[in-house]
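Notes follow the structure.
The values are calculated or read from the model by the stated rules, or taken from the named source; none is laboratory data. Just so you know, these numbers come straight off a predicted model, no measurement behind them. Here the Cβ positions follow ideal geometry from the backbone for every residue, glycine too, while neighbour counts run over all protein chains shown. Heads up: the accessible areas ignore ligands, DNA and RNA and are worked out on the full protein's heavy atoms, side chains in. Shrake-Rupley method; radii C 1.70, N 1.55, O 1.52, S 1.80 Å.
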Amino acid sequence: MFLVDTHTHVYEPQFDEDRESSIVASQEAGVAHLILPNIDVESIPRMHSLKALYPDYVSEAMGLHPTSVKTDFREQLGVIHDEFDVRPYVAIGEIGIDLYWDKTYLAEQIEAFETQIDWSVERNLPIIIHAREAWEVVFSSLDRFPIDKIRGVFHSFSGDEADLERALSYPHFCIGINGVVTFKKNTLQSLLQQIPPKRLLLETDSPYLAPVPHRGRRNEPAYMVHTANHIAHCLDIDVAILAQATTENACRLFDLSLNLERLKPSL
């Protein structure tokens with residue numbers, strides 16, 4: 001069984017003491033590849049350092065996270081934009097709108113989000129969307145662009161049934177599911193059947209949102225196995241089939257070249 005963690009911040013300081021062993025653990029758990037979304041200007045060197053250590057095992061996405069959007073966001077966007085001329089990236093992200101922590105910079109978040117969507121259209125790259133208590137704002141921004149020109153993933157999906165229906169109305173977007181789906185009182189489980197197999201991605205969002213039985217601890221890519229097993233149980237399918245399908249989805253969306261010959265038949 002092979003999995004792709006489509007969203008991990010394993011380059012962050014929370015892994016400074018045992019990053020290498022965490023990577024080894026993820027490989028031993030069957031996680032075939034990691035995608036690293038950027039956060040802001042300060043996180044770029046840390047992400048690049050990890051890429052240099054594991055050039056074939058990790059891929060990078062470049063963007064400005066909405067919670068990092070402050071008064072200097074245009075300067076940060078300038079630095080981030082220049083990165084695309086220096087090295088290859090598989091996506092633009094992590095970008096979006098977050099109104100959970102602070103609504104002070106809503107206008108700036110919208111401008112930053114739409115600017116980076118523009119980049120994705122220009123460069124034909126998928127976007128990794130962070131949406132927290134901001135679904136209508138996110139959808140409103142997406143609707144300003146031609147629906148056939150935008151593609152990506154709604155990372156760490158946390159919406160309700162109506163939000164899922166709206167998210168799936170964008171034909172070239174996937175739904176990213178992580179350890180939250182394993183939480184006892186989470187309602188996401190009831191929505192899994194509504195996600196088409198070709199639109200589902202798995203992720204950890206490590207070091208955050210560790211799945212049961214590791215809830216409350218630092219999350220890491222190896223723990224995605226627990227999320228995959230839980231989702232497969234909810235969908236009443238073999239976990240190897242789920243792994244195959246979601247790995248193929250990740251390769252298609254992010255243009256990854258992994259050896260899929262080793263994987264079992266898909267859905």
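Within the stretch 40-81, track down each residue that is acidic (Asp, Glu), more than 17 Å from the chain's Cα centre (by Cα) and closer than 22 Å to residue 117 by Cα. Step through it out loud before you land on a result.
Step one: list which residues in the stretch 40-81 are acidic (Asp, Glu), which gives 40, 42, 56, 60, 72, 75.
Adding the requirement that they be more than 17 Å from the chain's Cα centre (by Cα) leaves 42, 56, 72, 75.
42, 72, 75, listed by residue number.
Checking the stretch 250-261 against the condition returns no match, with no residue being crowded, with 19+ Cβ neighbours inside 10 Å, modelled with pLDDT of 95 or more, in contact with a His (Cβ under 6 Å, 6 or more places away or on another chain) and more than 20 Å from residue 132 (Cβ to Cβ).
The residue that is farthest from residue 3 (Cα to Cα), among those in the stretch 202-242 that are open to solvent by 30 Å² or more (accessible area, probe 1.4 Å) and of a type in the set (Ser, Thr, Tyr), is 208. Pairs only if they're at least six apart or on different chains, beta carbon under 8 angstrom, first in the stretch 89-104 and farther than 17 Å from residue 137 by Cβ, second of a type in the set (Asp, Glu) and at pLDDT 95 or above; list them, first residue then second. What qualifies is 89/60; 89/83; 90/60; 90/255.
Specify which of the listed residues (98, 102) is at pLDDT below 95 and farther than 19 Å from residue 75 by Cβ. Reasoning before the result, please.
On the way: 98 fails: at pLDDT below 95.
Testing whether each residue is at pLDDT below 95 and farther than 19 Å from residue 75 by Cβ leaves just 102.
Annotation: residue 89 fulfils all but one of (1) open to solvent by less than 10 Å² (accessible area, probe 1.4 Å); (2) under 17 Å from residue 125 (Cβ atoms); (3) outside any helix (DSSP H, G or I); the unmet one is (1).
Output the residues belonging to the stretch 46-70 that are part of a helix (DSSP H, G or I), open to solvent by 50 Å² or more (accessible area, probe 1.4 Å) and over 29 Å from residue 106 (Cα atoms). If the condition is that a residue be part of a helix (DSSP H, G or I), open to solvent by 50 Å² or more (accessible area, probe 1.4 Å) and over 29 Å from residue 106 (Cα atoms), then 49, 52, 53 are the ones that fit.
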